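The numbers here are math on the coordinates, done by the rules we state, and not lab data. In this text the structure is predicted, and so the values were computed from the model without any measurement. Cβ coordinates were reconstructed from backbone atoms using ideal geometry, including for glycine residues, and neighbour counts include every protein chain displayed.
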Amino acid sequence: MKINVHAGHNPAGKIACGAVGLINESIENRRITEEMISQLRQLGHTVYNCTVDNGTGQADVLKKIVAKCNAHAVDLDVSIHFNSGAADPTGNQKTTGVETFVYSSSSKAMPYAEKVCQMISSLGFQNRGVKYSQTLYVLKNTKAPSMLIECCFVDDKDDVQLYNYRNMASAIVYAITGARVSKPAETEEAKPGEETPVGDKDARYRVQIGAYSEKSNAEAMKKKLKDAGFEAFIIQA
Ligand SMILES: [Zn+2]
């Protein structure tokens, strides 16, 4: 496939930057964009990064993004965003979750948008579904089928604790291509019906290795695992 990917908004701290909450949209959407592009290229797809870092305002950012998108004939345009408005800074044990936008129900991006919601929700995020918008500038003005992804909420503690940019990017790449990049031997992926100690990134069931009252002890174990080649992260209970 040929795919355009861009992070919405100007960079963090500039005019027309993205939403800021417990995490920063303009930082995370660029991480996801870079990771997606790396994975898509490893899978043999042609990808263009249409992110804009020098817009003079919101309208200018959007105009420049669309100009970059339309400079390439592609199968799909993907716009990476994060949502805000959940107003759950302390956590209520429920994510607010993922939603995607396409221009209309007849958009050729519709099947991708549905699959993106499914795959991100399989990471544990609530699925808010596919929505239609005839007013979102990028959806309206790009030539190729286009989808906008609101990965999760920057101001929901549950979303933020679950969020990991690599897993998010992998879920989107899998939704678009039906494929995953092969992982190093230590993180061998579980085949359907099979489980491995550190395997499938989409699994809802995870193996915990320790619980500590001192954060420093948790950090030390995390480092030990990372040094040993395992993906590790800390969840505060
Ligand atoms: Zn946004």
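Most simply put, the chain has about 15% antiparallel DSSP beta bridges, counting only bridges with both residues inside it.
Taking the Cβ-Cβ separation of Gln236 and Ile15 as r and a Förster radius of 25 Å, what is the calculated FRET efficiency to the nearest 0.05? My answer for the efficiency is 0.15. Pairs from the list Lys63/Lys108; Lys14/Lys223; Lys14/Lys222; Lys94/Lys226 with a Cα-Cα gap above 31 Å: Lys14/Lys223; Lys14/Lys222. Taking the fewest neighbouring Cβ atoms within 10 Å as the starting point, the ordered list for Glu114, Glu150, Glu219 is Glu219, Glu114, Glu150.
If only the Cβ of Lys and Arg carry +1 and only the Cβ of Asp and Glu carry -1, the dipole of the chain around its Cα centre is close to 540 debye. Listed by chain and number, the lysines whose C-alpha is less than 16 Å from the C-alpha of Lys224, apart from same-chain residues fewer than 8 away, are Lys215. With 0.36 nm allotted per residue and the present C-alpha distance subtracted, the Gln118-Ala71 stretch has 13.9 nm of extension available. Gain on full extension, evaluated as 0.36 nm per residue between Asn92 and Lys131 minus their Cα-Cα distance, stands at 11.5 nm. For Lys223 and Arg166, a Förster radius of 22 Å and the Cβ-Cβ distance give a FRET efficiency of 0.75, rounded to the nearest 0.05.
Taking a ≥ b ≥ c as the square roots of the eigenvalues of the Cα gyration tensor, the stretch 16-129 is classed as oblate, since a/c reaches at least 1.5 and a/b does not exceed b/c. Annotation: the residues Tyr163, Tyr48, Tyr212, sorted from fewest to most other C-beta atoms within 10 Å of their own C-beta, follow the order Tyr212, Tyr48, Tyr163.
Distance between the pseudo-spin-label points of Lys108 and Glu34 (7 Å out from Cα toward the beta carbon): 3.2 nm. Put in order of Cβ neighbour count within 10 Å, fewest first, the listed residues Met36, Met168, Met119 become Met119, Met36, Met168. Note on Asp53 and Ile209: the model spin-label points, each 7 Å out from Cα along the C-beta direction, lie 3.4 nm apart.
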